[in-house]
Amino acid sequence: MARKCDWLIIAESVPEAVEAKGEQPEARFISGGTSMFGDVGPAGDSRTSLISIRKTPELTGITPTTDGLDIGANSTAAELLHNKDIQHTSPLLARAARSLASRQVRNRATVGGNISTTRADHTLVPALLASEASVRVATCGGEQRMALFDYLHSM
């Protein structure tokens with residue numbers, strides 16, 4: 001069954017993505033696509049609206065900070081696996097990234113996708129929770145930082 005997209009925007013910034021979500025509240029964010037593609041097929045919705053955040057520069061990169069590491073939502077599992085700062089600071093997270101599916105999936109699967117969907121097969125969440133990770137959440141009302149534990153409970 002072919003998947004049809006009712007609406008697609010390719011956001012080039014976080015504010016643009018937030019604005020698009022305000023215009024289309026039912027739209028799904030997509031970057032690597034591995035979580036969404038697991039939901040499609042005969043049992044999935046036949047139509048959807050998408051906001052691509054793949055080209056959003058604010059969501060990329062892994063940067064050391066005074067508090068630890070800032071990991072962009074678009075960082076892939078493969079980047080976690082091969083990043084020297086992750087290997088040194090959080091070997092548990094590197095190990096979790098290694099256990100995530102196949103090499104092809106690790107090359108596309110993003111940290112943001114792994115933590116923001118309710119699928120049970122996301123292996124990064126336990127490692128991030130053990131590291132007491134926090135997330136930055138952007139909404140129409142601005143950006144806020146919250147503990148990953150609290151974010152997961154708000155979903």
Report the local net charge at residue 61: Lys and Arg +1, Asp and Glu -1, summed over other residues whose C-beta lies under 10 Å from its C-beta. -3
Highest first, please rank the peptides 124-130, 61-67 by the mean number of other Cβ atoms sitting within 10 Å of their residues. 124-130, 61-67
FRET efficiency estimate (nearest 0.05) - Cβ-Cβ, residue 155 to residue 107, R0 25 angstrom: 0.45
Of the DSSP beta bridges with both residues in the chain, give the percent that are antiparallel, rounding to the nearest 5. 55
Mind pulling the angle between the C-alpha long axis of helix 14-23 and the longest principal axis of the chain? Nearest 10 degrees, somewhere in 0 to 90. 30
Mean 1/r over all different Cα pairs, inverted: what Kirkwood radius does the chain give, in Å? 16.2
Which of the peptides 90-98, 14-22, 133-141 is most tightly packed, and how do the rest follow, judged by the mean count of other Cβ atoms within 10 Å per residue? 90-98, 14-22, 133-141
In deg cm²/dmol, rounded to the nearest 500, the helical mean residue ellipticity at 222 nm of the chain, built from -39500 (n - 2.57) for every DSSP H run of length 4 or more, is -9500 deg cm²/dmol
Residue 48 accessible area, assembled protein chains, probe 1.4 Å, Å²: 20
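Highest mean first, what order results for 100-109, 70-79 on Cβ atoms within 10 Å?
70-79, 100-109
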Ordering 145, 119 by how much accessible area each has at a 1.4 Å probe, largest first, what is the list? 145, 119
Which one of 32, 68, 112 has the biggest mean-square fluctuation once the chain is modelled by GNM with Cα springs under 10 Å? 68
Would you work out what percent of the accessible area of the chain, with all protein chains in place, is carbon or sulfur (probe 1.4 Å)? 53
With DNA, RNA and ligands ignored, accessible area of residue 153 (1.4 Å probe; Å², nearest 10): 130
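The values are calculated or read from the model by the stated rules, or taken from the named source; none is laboratory data. Please read all numbers here as calculations on a predicted model, not as lab measurements. Don't worry about glycine lacking a Cβ; one is built from the backbone with ideal geometry, like all the others, and counts go over all protein chains shown. Surface accessibility is based on the protein's heavy atoms, side chains included, excluding ligands, DNA and RNA. Shrake-Rupley method; radii C 1.70, N 1.55, O 1.52, S 1.80 Å.
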